[in-house]
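Working notes, structure below.
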Amino acid sequence: MAIKYSELVIEHFKNPHNVGTIDKPDASATEGSPACGDQLTVYLKVNSETQIIEDIKFQSYGCASNIATASIITDLAMGRNIEAAKQITWKQAADELGGLPPIKMHCSVLAVDALRSAIKNWEHKHLGKEIDDSLNKKNIVKELQKVIYGQVGVDIVSLKLLKYIGVDEKNNVLLELAIKKDDPFLDDVKNEINERMEKFPKIASVKISLV
């Protein structure tokens, strides 16, 4: 079945804003993976005194939703200060585009994640803020809140599909999901979980069981 996009999604896909790179950016970040179908890099130029984003560009590898959400996210962030840009949400991005098909909501998550990661990198380089990548339940939940269940376009934490989170003494992450083994979206969820968990440098493996 063909995926139906809003007119705004199609417009931003055909004529995306802020495409390209920035020469000597103040910060940048890449999220996603071509192997999983979508990847996005965001570049920032930030005024060091006002902390206002004076320029923002992106490079995208992926589908129409990936390009459109990157385009709208960079529009929303342009001219805002760092703190305001951090408050942009993936739901806001989707709404600005007139909505996204549930199966494509993960693209707006990716766009916001790339923006926030670039901001974190700027804060680390210019404000000395530490990047917390410790392997604990709080940080794991934050990452899993970005894993979208494609049937309804909502994250697995909000849907209460995540029943257990644990980390053993060998740094294996143990997860239990309330998803049936024949669920057509299960593989996508597992792939997104594994991709999200790769952000933790000390992680040994991810073990997912179904309940």
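Filter the stretch 165-180 for residues that are surrounded by fewer than 16 Cβ atoms within 10 Å (Cβ to Cβ) and within 17 Å of Ile148 (Cα to Cα) and give the result. Break it down into steps so the answer makes sense when it comes.
Of the stretch 165-180, the ones surrounded by fewer than 16 Cβ atoms within 10 Å (Cβ to Cβ) are 166, 168-172, 174, 178, 180.
Result: Ala178, Lys180.
Within the set of pairs 6+ apart or on separate chains, which have a first residue in the stretch 75-87 that is assigned by TED's automatic domain parsing to the domain that holds Glu11, a second that is among the basic types (Lys, Arg), and C-beta atoms under 8 Å apart?
Filtered contacts from the stretch 75-87: Lys86/Arg116.
Cβ-Cβ under 7 Å, sequence separation 6+ or interchain: first residue in the stretch 178-192 and over 17 Å from Tyr164 (Cβ atoms) and in the same structural domain as Glu143 (by TED's automatic domain parsing), partner surrounded by 15 or more Cβ atoms within 10 Å (Cβ to Cβ) and not aliphatic (A, V, I, L, M). Which pairs?
Phe185/Tyr149; Phe185/Gly150; Asp188/Gly150; Asn191/Cys36; Glu192/His106
Any residue that is within 19 Å of Gly150 (Cβ to Cβ), in the same structural domain as Glu83 (by TED's automatic domain parsing) and in contact with a Lys or Arg (Cβ under 6 Å, 6 or more places away or on another chain) - is there at least one of those in the stretch 27-38?
Restricting attention to the stretch 27-38, the residues satisfying the condition of being within 19 Å of Gly150 (Cβ to Cβ) are 31-33, 35-38.
Narrowing further to those that are in the same structural domain as Glu83 (by TED's automatic domain parsing): 31-33, 35-38.
Narrowing the set further to residues that are in contact with a Lys or Arg (Cβ under 6 Å, 6 or more places away or on another chain) leaves none.
No - not one qualifying residue is present in the stretch 27-38.
Given the options Val173, Val147, Val157, name the one that is within 18 Å of Pro101 (Cβ to Cβ) and hydrophobic (A, V, I, L, M, F, W, C).
On the way: Val173 fails: within 18 Å of Pro101 (Cβ to Cβ); Val157 fails: within 18 Å of Pro101 (Cβ to Cβ).
Selected residue: Val147, the only one of Val173, Val147, Val157 that is within 18 Å of Pro101 (Cβ to Cβ) and hydrophobic (A, V, I, L, M, F, W, C).
How many residues does the stretch 145-178 hold that are over 22 Å from the mean Cα position of the chain (by Cα) and β-branched (Val, Ile, Thr)?
The total comes to 1.
Has the stretch 113-127 got any residue that is polar (S, T, N, Q), outside the structural domain of Ala29 (by TED's automatic domain parsing) and more than 22 Å from Ile3 (Cβ to Cβ)?
To start, the set of residues in the stretch 113-127 that are polar (S, T, N, Q) comprises 117, 121.
With outside the structural domain of Ala29 (by TED's automatic domain parsing) added as a condition, the list becomes none.
For the stretch 113-127, residues polar (S, T, N, Q), outside the structural domain of Ala29 (by TED's automatic domain parsing) and more than 22 Å from Ile3 (Cβ to Cβ): absent.
Would you check if Val141 is of a type outside the set (Gly, Ala, Ser), touching a residue at least 12 places away in the same chain (Cβ under 8 Å) and not assigned by TED's automatic domain parsing to the domain that holds Asn66? Give the derivation first.
Numbers: of a type outside the set (Gly, Ala, Ser): yes; touching a residue at least 12 places away in the same chain (Cβ under 8 Å): yes; not assigned by TED's automatic domain parsing to the domain that holds Asn66: yes.
When the stated conditions are applied, Val141 passes them.
The values are calculated or read from the model by the stated rules, or taken from the named source; none is laboratory data. Everything numeric in this text was worked out from a predicted model, so none of it was measured. We place every Cβ from the backbone using ideal geometry, glycine too, and count neighbours over all the protein chains shown.
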